[in-house]
Amino acid sequence: MFGRLENGWQMIRQSWEVLKLDKELLVFPLVSGLACLVVMISFAVPLWASGLVDSVMEQQAAAGGGVDQTTQILGYVILFAFYFVNYFVIVFFNTALIACAIIRFKGGNPNLADGFSAAFSRLPQIAGWALVAATVGLILRLIESSSERFGQFIASLLGMAWSAMTYFVVPVIVVERTGPLQAGKRSLQILKRTWGEALIANFGIGLIIFLVSLVGLIPVIAGMAAIASGHTVLGIIALAIGICLVLIISLVSSALNSIIVGALYLYAAEGSVPQQFNDRLFRDAFAQK
């Protein structure tokens, strides 16, 4: 485990060197986050304004938690639409970022226009995958709502399996331009070829990013404590610093993760280690069958 964490740390360091060469890559997760916020608002505000949320709450209060079938179906349709638009936004900008990373890995000098061009040229594949992901997301939501505890447990297991199976979908879309179903199948094939160790290495990367993210929460907690104790100005300053740190860490970690996924894909699919990464590190991170 400590060896995998070390590999994860080294991958993050080497991905950081790539990000320093192409700092503009941070624009993609930034705009993606803002776009997702706009999507959420565009769904939430009309729902509140239409009175649908109040209607559901009234029905739940009157029926002891249940709602009529028509309202329930309408709710799932809206949820599916939200999932689709949200996934489309996320995959679009991930495609742009990974396309730029792969250009860099292959000796090029990417810019934002290259990323957006790659994403726009793959709109059918992105929309197709967003449709598949939204369908799976809705199915998992139905399973989760079917039983308060057992349904949530099963949905969590299936969600983790789905995340693993689709780990390489975005770089497959970028490089191979396949349709959504073929992209999922191809991702699973690549994962099988480098089974086990790849997921452990990814866990190490995720754990390190999570631990670093906790650093940004320290000023937030300190600020809340300061406000609670009557030091309002100091607390607000600490909160502002903490929120900025969390946002910066989130942007950087998102970019680093996409860079790492692109690099792992090239090694897993083509057998070539990007020149920005250590060859031994990748061979240690993957155990070929």
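The values are calculated or read from the model by the stated rules, or taken from the named source; none is laboratory data. Values in this document were obtained by computation on a predicted structure and should not be read as measured data. For neighbour counting, all protein chains shown are included, and Cβ atoms are generated from backbone atoms with ideal geometry for every residue, glycine included. The protein model used for the area step is the full one, side chains on, heavy atoms only, and it has no ligands, DNA or RNA in it. Shrake-Rupley method; radii C 1.70, N 1.55, O 1.52, S 1.80 Å.
Can you name every residue in the stretch 59-75 that is at pLDDT 80 or above and surrounded by 14 or more Cβ atoms within 10 Å (Cβ to Cβ)?
Listed by number, the residues that qualify are LEU74, GLY75.
Of the residues VAL233, VAL252, which is aliphatic (A, V, I, L, M) and either more than 24 Å from PHE93 (Cα to Cα) or surrounded by fewer than 16 Cβ atoms within 10 Å (Cβ to Cβ) (or both)?
One residue alone meets the criteria, VAL233.
Across the stretch 111-135, what is the total count of residues that are under 18 Å from GLN182 (Cβ atoms) and surrounded by fewer than 18 Cβ atoms within 10 Å (Cβ to Cβ)?
6
Can you work out which of the residues in the stretch 191-208 that are open to solvent by 50 Å² or more (accessible area, probe 1.4 Å) and in a helix (DSSP H, G or I) is modelled with the lowest pLDDT?
The extreme case among them is ILE200.
Does LEU211 meet the test of being exposed (fewer than 14 other Cβ atoms within 10 Å of the Cβ) and modelled with pLDDT of 90 or more?
No; evaluated as a whole, the condition is false for this residue.
Taking helices (runs of 4 or more DSSP H) that fall entirely within the stretch 66-168, which contain at least 3 residues that are touching a Phe, Trp or Tyr at 6+ places or on another chain (Cβ under 6 Å) and of a type in the set (A, V, I, L, M, F, W, C)?
Once the helices (runs of 4 or more DSSP H) in the stretch 66-168 are filtered for at least 3 residues that are touching a Phe, Trp or Tyr at 6+ places or on another chain (Cβ under 6 Å) and of a type in the set (A, V, I, L, M, F, W, C), what remains is 69-105, 123-146.
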